[in-house]
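Below you'll find the structure, written out as structure tokens, and then a few comments.
What follows draws every value from the coordinates through simple rules; no lab data is involved. Note that the structure is a prediction, hence the values are computed from the model and not measured. In this analysis, Cβ positions are derived from the backbone assuming ideal geometry, glycine residues included, and neighbour counts consider all displayed protein chains.
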Amino acid sequence: MYRKILVGLDGSERSKYALEEALNFAKDTKAEVIAISVIPPQRELVSSFSLFTHIKDLIRKNYEKAIEEAKDLAEEKGLTIKTFLEEGNPYEKIIEVSQKEGCDLIITGRRGLTAFEKILLGSTAHRVINNSPVDVLIVPINTKISFKKLLSATDTSEYGNKAVKKAGMLAKSYKGDLGILSVIKIPIEPIIDLQEILEALKKELESHLVSLSEDISKEGVKVKFL
């Protein structure tokens with residue numbers, strides 16, 4: 001299903017791992033892989049060290065190295081890879097290149113920021129997910145890219161249902177199984193007849209999940225709702 005994959009690189013071990021998994025997946029599925037490394041704005045840093053004329057070059061070398069390592073890794077696996085070295089806001093450039101190149105999947109590693117760091121800085125992966133018009137896959141270290149067993153969660157909203165249907169399409173394309181999950185959030189505040197309300201919600205939810213699973217099952221996908 002995925003034919004052109006863009007992988008974001010920042011020189012970290014996590015992004016290298018994501019690239020390797022993307023290449024393995026591409027080799028198995030005959031997809032094309034493109035790698036991008038984006039040099040973020042370093043105005044304050046460069047200004048602080050304006051006496052040192054090679055600071056920008058030193059910063060750039062790390063991103064150039066990430067691109068060269070991507071080429072070497074692809075060559076080791078007998079694959080060709082197209083690369084981009086860009087300057088600017090990383091998430092914006094990743095999305096921009098994905099659109100220009102007609103990519104249908106973006107892959108990034110997971111940096112593992114703390115909750116506090118995410119509040120202050122956000123993360124490139126998080127921003128790509130929220131802004132990309134194409135699918136985004138986050139590959140944590142020590143995991144494998146596989147669509148043989150999928151779990152999709154829905155809150156029964158329009159977007160939640162679209163996610164489930166997309167997961168069904170992936171399961172069909174890659175001959176996988178799909179599990180569908182929805183969780184009822186129990187309020188902290190005491191509510192009269194809460195158990196009765198929860199039972200009614202559960203029945204409505206089950207009915208909704210059954211309807212979703214039946215539609216996907218018609219496409220030949222094995223579906224189980226949890």
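Dipole check for the chain: with +1 at the C-beta of Lys and Arg, -1 at the C-beta of Asp and Glu, and the Cα centre as origin, the magnitude is about 540 Debye.
In the chain, the DSSP-assigned H stretches of four residues or longer account for a calculated mean residue ellipticity at 222 nm of -16000 deg cm²/dmol, using -39500 (n - 2.57) per stretch and the full residue count as denominator.
Recomputing P(r) over Cα pairs in 10 Å bins from 0, in percent from the coordinates shown identifies the correct label among [x] 7, 26, 29, 21, 11, 6, 1, 0; [y] 8, 32, 38, 19, 3, 0; [z] 8, 31, 34, 17, 8, 2, 0 as [x]. What is the angle, in °, between the Cα long axis of helix 194-217 and the longest principal axis of the Cα atoms in the chain? Nearest 10 is fine, range 0 to 90. Helix 194-217 and the main axis of the chain meet at about 70 degrees. Here each label is just a point 7 Å from Cα along the line to Cβ, and for Q195 and R3 those points are 5.7 nm apart. Multiplying the residue separation of L151 and K27 by 0.36 nm and subtracting their alpha-carbon distance yields 42.2 nm.
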